[in-house]
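Report on the structure given below.
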Amino acid sequence: MTEVLSSKDVTYAEVLRIIEAIEKEYGELDRITLQVREYLKNFTKCDKADELAERLITETGLSRPTAVVVANILPTDKTELRVILTLEKGKTFKEDDLDKILGIVSEVCPQ
């Protein structure tokens, strides 16, 4: 049985890079990993999602799990963002906070 030594929330882009590195090093991937890779290729919206998550954490104080969700979804308006920010229990966000987050999203991962 495998023991988990640590865990960390990561973006779709980072998972895709990890899978591609495993494939490069070991060659063939199992069926489930191939399916995950295909899913990630279809739904990864930004190659700089890791950078985006880190900026959201440092510049806005979002928790890592919430910053990763924002980086994976890339909300384009305040309504979408408010839904994601419900993950931040006990925090309230002003309009300026929402504008700042959306500004960082559009700067790092323009769509």
Go through 65, 75, 101 and say which Cα lies farthest out towards the positive end of the charge dipole of region 49-108; charges sit on Cβ, +1 for Lys and Arg, -1 for Asp and Glu. 65
Largest first, please: the extent of the C-alpha atoms of region 1-56 along each principal axis, to the nearest Å. 35, 29, 18
Between region 39-56 and region 4-28, what is the separation of their alpha carbon centroids in Å? 14 Å
Hey, what did region 6-111 get for relative contact order, percent, Cα under 8 Å, at least 6 apart? 29 percent
Environment charge at residue 100 (Cβ cut-off 11 Å; Lys +1, Arg +1, Asp -1, Glu -1): -4
Neighbouring Cβ atoms within 10 Å as the yardstick, rank 104, 22 fewest first. 22, 104
Efficiency by 1/(1 + (r/R0)^6): what FRET value for residue 45 and residue 6, r their Cβ-Cβ distance, R0 = 41 Å, to the nearest 0.05? 0.95
Residue exposure sequence - 2, 33, 66 - by fewest surrounding Cβ within 10 Å: 2, 33, 66
Could you tell me the relative contact order of region 49-108? Use alpha-carbon pairs under 8 Å, at least six residues apart, and round to a whole percent. 41 percent
Under 25 Å from the Cα of residue 24, which lysines turn up, not counting those fewer than eight places away in the same chain? 8, 41, 45, 48
Excluding residues on the same chain fewer than 8 positions from residue 94, give the lysines whose Cα lies under 19 Å from its Cα. 78
Normalised convex hull volume, region 31-108, alpha-carbon set, Å³ per residue: 95 Å³
Once exposed loop GluC sites (Glu not before Pro) are cut out (DSSP; at most 13 other Cβ, 10 Å), longest piece of the chain: 29-111
Between residue 32 and residue 83, the two model label points (7 Å from Cα along the beta-carbon direction) sit apart by a distance in nm of 2.9 nm
Cα centre as origin, Lys/Arg/Asp/Glu Cβ charges: the chain dipole, Debye: 260 debye
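Values quoted throughout were computed directly from the atomic coordinates according to the rules given, and no laboratory measurement underlies them. Quick caveat, the model's predicted, so the values are computed rather than measured. Reconstructed Cβ throughout: ideal geometry from the backbone, glycine too, with neighbour counts over all protein chains shown.
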